[in-house]
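Read through the structure below, which is laid out as C-alpha coordinates, and then see the notes.
The values are calculated or read from the model by the stated rules, or taken from the named source; none is laboratory data. Given the structure is predicted, the values throughout are model-derived calculations rather than measurements. Cβ atoms come from the backbone with ideal geometry, glycine included; neighbour counts cover every protein chain shown. Ligands, DNA and RNA are excluded from the accessible area calculation, which covers all protein heavy atoms including side chains. Shrake-Rupley method; radii C 1.70, N 1.55, O 1.52, S 1.80 Å.
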Amino acid sequence: MAKRRLRTGPTAALPAKPVRGEVLRLVRLADPDAREDGEDVVATDVRVHAPVEAEPDLVGGVLEQVWAVRVSAEGPLPFDFFDRYLAEGLAFRLGGLAVCRGEVSDPADEEGGGPAVIVPVRPADDELRPLLEAELDEVEQEEEFVHAGDGVRVLVVPQKGRPPAVGELLPFASDLTAIELRGDDPERLGALALRLAEALNGLVVDRWRFRVDDVADLMPPAEQA
(Lines give C-alpha, C1' and ligand atoms only; values in the text may rest on other atoms or scores of the structure.)
Protein backbone atom coordinates (compact mmCIF):
# COMPACT_ATOMS: atom_id res chain seq x y z
CA MET A 1 0.00 0.00 0.00
CA ALA A 2 1.35 3.43 -0.90
CA LYS A 3 1.84 5.70 2.06
CA ARG A 4 0.03 9.03 2.01
CA ARG A 5 1.22 12.41 3.14
CA LEU A 6 -1.53 14.29 4.98
CA ARG A 7 -1.33 18.05 5.26
CA THR A 8 -4.74 19.26 6.42
CA GLY A 9 -7.10 18.67 9.29
CA PRO A 10 -6.36 17.67 12.89
CA THR A 11 -4.96 14.15 12.82
CA ALA A 12 -4.36 11.30 15.24
CA ALA A 13 -1.06 9.67 14.24
CA LEU A 14 -1.08 6.12 15.59
CA PRO A 15 1.66 3.48 15.88
CA ALA A 16 -0.69 0.71 14.68
CA LYS A 17 -3.85 0.44 12.65
CA PRO A 18 -6.94 0.35 14.92
CA VAL A 19 -9.08 -2.74 14.63
CA ARG A 20 -12.33 -2.37 12.76
CA GLY A 21 -14.94 -0.64 14.91
CA GLU A 22 -12.50 0.73 17.51
CA VAL A 23 -12.51 4.28 16.11
CA LEU A 24 -16.33 4.30 16.07
CA ARG A 25 -16.44 3.04 19.67
CA LEU A 26 -14.11 5.81 20.83
CA VAL A 27 -15.77 8.57 18.83
CA ARG A 28 -19.10 7.59 20.40
CA LEU A 29 -17.59 8.44 23.78
CA ALA A 30 -17.37 12.02 22.50
CA ASP A 31 -20.59 11.91 20.47
CA PRO A 32 -23.05 9.07 21.21
CA ASP A 33 -24.80 9.72 17.89
CA ALA A 34 -21.68 9.09 15.77
CA ARG A 35 -22.21 6.57 12.98
CA GLU A 36 -20.30 4.79 10.28
CA ASP A 37 -20.40 6.10 6.72
CA GLY A 38 -18.56 3.57 4.64
CA GLU A 39 -15.16 3.23 6.28
CA ASP A 40 -15.39 6.71 7.84
CA VAL A 41 -17.16 7.84 11.01
CA VAL A 42 -19.48 10.84 10.94
CA ALA A 43 -20.06 12.82 14.15
CA THR A 44 -21.30 16.33 14.97
CA ASP A 45 -20.04 18.62 12.18
CA VAL A 46 -17.05 16.35 11.44
CA ARG A 47 -15.92 13.35 9.48
CA VAL A 48 -13.35 11.02 11.01
CA HIS A 49 -11.60 9.46 8.05
CA ALA A 50 -10.64 5.80 7.93
CA PRO A 51 -7.05 5.09 9.03
CA VAL A 52 -4.47 5.32 6.25
CA GLU A 53 -0.78 4.54 6.36
CA ALA A 54 1.28 7.73 6.26
CA GLU A 55 4.92 8.72 6.07
CA PRO A 56 6.78 8.74 9.43
CA ASP A 57 7.83 12.34 8.78
CA LEU A 58 4.22 13.34 9.51
CA VAL A 59 5.38 13.21 13.15
CA GLY A 60 9.03 14.02 12.55
CA GLY A 61 10.08 10.38 12.52
CA VAL A 62 9.09 9.85 16.17
CA LEU A 63 7.07 6.78 15.16
CA GLU A 64 8.55 4.12 12.89
CA GLN A 65 5.13 3.39 11.42
CA VAL A 66 2.24 5.82 11.22
CA TRP A 67 -1.46 5.21 10.72
CA ALA A 68 -3.21 8.54 10.32
CA VAL A 69 -6.82 9.20 11.33
CA ARG A 70 -7.74 12.64 9.99
CA VAL A 71 -10.69 14.69 11.21
CA SER A 72 -12.26 17.13 8.78
CA ALA A 73 -15.17 19.56 9.02
CA GLU A 74 -18.50 18.67 7.49
CA GLY A 75 -20.00 22.00 6.47
CA PRO A 76 -19.29 24.94 8.85
CA LEU A 77 -16.29 24.85 11.13
CA PRO A 78 -16.84 22.45 14.05
CA PHE A 79 -18.15 24.08 17.19
CA ASP A 80 -15.77 24.50 20.17
CA PHE A 81 -12.77 22.93 18.38
CA PHE A 82 -14.56 19.58 18.29
CA ASP A 83 -12.36 18.38 15.39
CA ARG A 84 -9.13 19.09 17.26
CA TYR A 85 -10.38 17.57 20.50
CA LEU A 86 -11.48 14.43 18.65
CA ALA A 87 -8.03 14.00 17.10
CA GLU A 88 -6.23 14.59 20.39
CA GLY A 89 -8.59 12.33 22.35
CA LEU A 90 -8.22 9.52 19.81
CA ALA A 91 -4.44 9.89 19.87
CA PHE A 92 -4.42 9.70 23.68
CA ARG A 93 -6.63 6.63 23.90
CA LEU A 94 -4.81 4.79 21.11
CA GLY A 95 -1.28 5.59 22.27
CA GLY A 96 -0.40 7.97 19.45
CA LEU A 97 0.45 11.58 18.72
CA ALA A 98 -1.72 14.49 17.62
CA VAL A 99 -0.96 16.68 14.62
CA CYS A 100 -2.72 20.03 14.30
CA ARG A 101 -1.67 22.90 12.04
CA GLY A 102 1.69 21.31 11.48
CA GLU A 103 2.48 20.93 15.18
CA VAL A 104 3.00 17.50 16.73
CA SER A 105 2.10 16.87 20.37
CA ASP A 106 1.83 13.91 22.70
CA PRO A 107 -1.50 14.22 24.55
CA ALA A 108 -0.18 11.89 27.26
CA ASP A 109 2.50 14.45 28.15
CA GLU A 110 0.26 17.50 28.31
CA GLU A 111 -0.19 19.09 31.73
CA GLY A 112 -2.81 21.39 33.12
CA GLY A 113 -5.88 19.38 32.22
CA GLY A 114 -7.91 16.88 34.18
CA PRO A 115 -11.33 15.31 34.27
CA ALA A 116 -14.48 17.33 34.72
CA VAL A 117 -17.87 16.48 36.12
CA ILE A 118 -20.63 18.04 34.02
CA VAL A 119 -23.78 18.59 36.06
CA PRO A 120 -27.22 19.96 35.07
CA VAL A 121 -27.50 22.16 38.17
CA ARG A 122 -24.68 24.12 39.76
CA PRO A 123 -24.19 22.72 43.27
CA ALA A 124 -24.36 25.14 46.17
CA ASP A 125 -21.20 25.47 48.22
CA ASP A 126 -22.85 23.84 51.23
CA GLU A 127 -23.72 20.86 48.99
CA LEU A 128 -20.32 20.49 47.31
CA ARG A 129 -18.07 21.14 50.29
CA PRO A 130 -19.16 18.09 52.34
CA LEU A 131 -18.59 15.87 49.28
CA LEU A 132 -15.07 17.24 48.90
CA GLU A 133 -14.31 17.03 52.60
CA ALA A 134 -15.22 13.35 52.52
CA GLU A 135 -12.40 12.80 50.01
CA LEU A 136 -9.83 15.54 50.66
CA ASP A 137 -8.05 16.86 53.74
CA GLU A 138 -8.43 20.47 54.84
CA VAL A 139 -10.59 21.77 52.02
CA GLU A 140 -10.43 25.54 51.68
CA GLN A 141 -12.25 27.94 49.38
CA GLU A 142 -9.59 30.02 47.61
CA GLU A 143 -11.98 32.04 45.48
CA GLU A 144 -15.70 32.19 44.81
CA PHE A 145 -15.46 29.29 42.38
CA VAL A 146 -12.28 27.48 43.50
CA HIS A 147 -11.91 24.90 46.25
CA ALA A 148 -8.57 23.33 47.15
CA GLY A 149 -7.28 20.67 49.49
CA ASP A 150 -4.77 17.86 49.73
CA GLY A 151 -3.06 18.70 46.43
CA VAL A 152 -6.29 18.95 44.43
CA ARG A 153 -7.95 22.07 43.03
CA VAL A 154 -11.65 22.06 42.18
CA LEU A 155 -13.05 24.75 39.87
CA VAL A 156 -16.80 25.20 39.54
CA VAL A 157 -17.44 27.12 36.32
CA PRO A 158 -20.06 27.35 33.56
CA GLN A 159 -19.54 24.69 30.91
CA LYS A 160 -18.61 26.40 27.66
CA GLY A 161 -20.67 25.05 24.80
CA ARG A 162 -22.56 21.78 24.85
CA PRO A 163 -20.27 18.78 24.36
CA PRO A 164 -22.15 16.01 22.52
CA ALA A 165 -20.93 13.50 25.12
CA VAL A 166 -23.22 15.00 27.77
CA GLY A 167 -26.26 15.47 25.57
CA GLU A 168 -28.41 13.34 27.85
CA LEU A 169 -28.19 16.04 30.53
CA LEU A 170 -29.50 18.78 28.25
CA PRO A 171 -33.23 17.97 28.42
CA PHE A 172 -32.99 18.80 32.11
CA ALA A 173 -30.83 21.93 31.94
CA SER A 174 -30.38 24.90 29.66
CA ASP A 175 -27.02 25.81 31.20
CA LEU A 176 -24.52 23.19 32.28
CA THR A 177 -21.89 23.50 35.00
CA ALA A 178 -18.41 21.97 34.90
CA ILE A 179 -16.62 20.89 38.06
CA GLU A 180 -13.03 20.84 36.80
CA LEU A 181 -10.48 18.82 38.78
CA ARG A 182 -6.76 19.61 38.75
CA GLY A 183 -3.87 17.74 40.32
CA ASP A 184 -0.87 15.50 39.68
CA ASP A 185 -2.54 12.09 40.14
CA PRO A 186 -4.94 11.19 37.27
CA GLU A 187 -6.07 8.02 39.03
CA ARG A 188 -7.01 9.90 42.17
CA LEU A 189 -8.73 12.67 40.20
CA GLY A 190 -10.69 10.12 38.21
CA ALA A 191 -11.93 8.33 41.32
CA LEU A 192 -13.02 11.64 42.86
CA ALA A 193 -14.74 12.72 39.65
CA LEU A 194 -16.73 9.49 39.43
CA ARG A 195 -17.89 9.82 43.04
CA LEU A 196 -18.92 13.44 42.53
CA ALA A 197 -20.81 12.50 39.36
CA GLU A 198 -22.75 9.82 41.21
CA ALA A 199 -23.64 12.19 44.06
CA LEU A 200 -24.60 15.11 41.79
CA ASN A 201 -26.27 13.22 38.91
CA GLY A 202 -23.57 14.27 36.47
CA LEU A 203 -21.27 12.77 33.88
CA VAL A 204 -17.48 12.60 33.86
CA VAL A 205 -15.50 13.67 30.79
CA ASP A 206 -11.80 13.98 30.14
CA ARG A 207 -10.04 17.16 28.99
CA TRP A 208 -11.12 16.45 25.39
CA ARG A 209 -14.73 15.91 26.48
CA PHE A 210 -14.76 12.16 25.89
CA ARG A 211 -17.04 10.39 28.35
CA VAL A 212 -15.22 8.63 31.20
CA ASP A 213 -16.78 5.56 32.83
CA ASP A 214 -13.69 4.16 34.54
CA VAL A 215 -10.56 5.61 36.12
CA ALA A 216 -8.46 3.72 33.57
CA ASP A 217 -9.97 5.88 30.81
CA LEU A 218 -7.84 8.77 32.09
CA MET A 219 -4.60 6.80 31.82
CA PRO A 220 -2.52 6.38 28.64
CA PRO A 221 -2.68 2.81 27.27
CA ALA A 222 0.91 2.15 28.41
CA GLU A 223 -0.06 2.91 32.03
CA GLN A 224 -3.30 0.97 32.15
CA ALA A 225 -3.28 -2.24 34.15
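Some points to look at:
- Span-rule helices in the chain, defined as complete DSSP H runs reaching 30 Å or more along the axis (Cα) with Kyte mean at least -0.5: none
- Over the chain, relative contact order from alpha-carbon pairs under 8 Å, at least 6 apart, %: 21 percent
- Förster radius 25 Å - calculated FRET efficiency between GLU110 and GLU187, Cβ distance, rounded to 0.05: 0.90
- For the range 52-117 versus the range 165-181, the spacing of their alpha-carbon centroids is 25 Å.
- The computed Rg and Dmax of the Cα atoms in Å for the structure shown corresponds, within (i) 22.4, 81; (ii) 18.4, 61; (iii) 19.5, 62, to (ii).
- Value of relative contact order over the range 11-105, rounded to a whole percent, pairs C-alpha under 8 Å and six or more apart: 36 percent
- Computed over the chain, the per-residue total of -39500 (n - 2.57) for DSSP H runs of n ≥ 4 gives a 222 nm mean residue ellipticity of -6000 deg cm²/dmol, rounded to 500.
- Taking all protein chains together and rolling a 1.4 Å probe, VAL41 ends up with roughly 10 Å² accessible.
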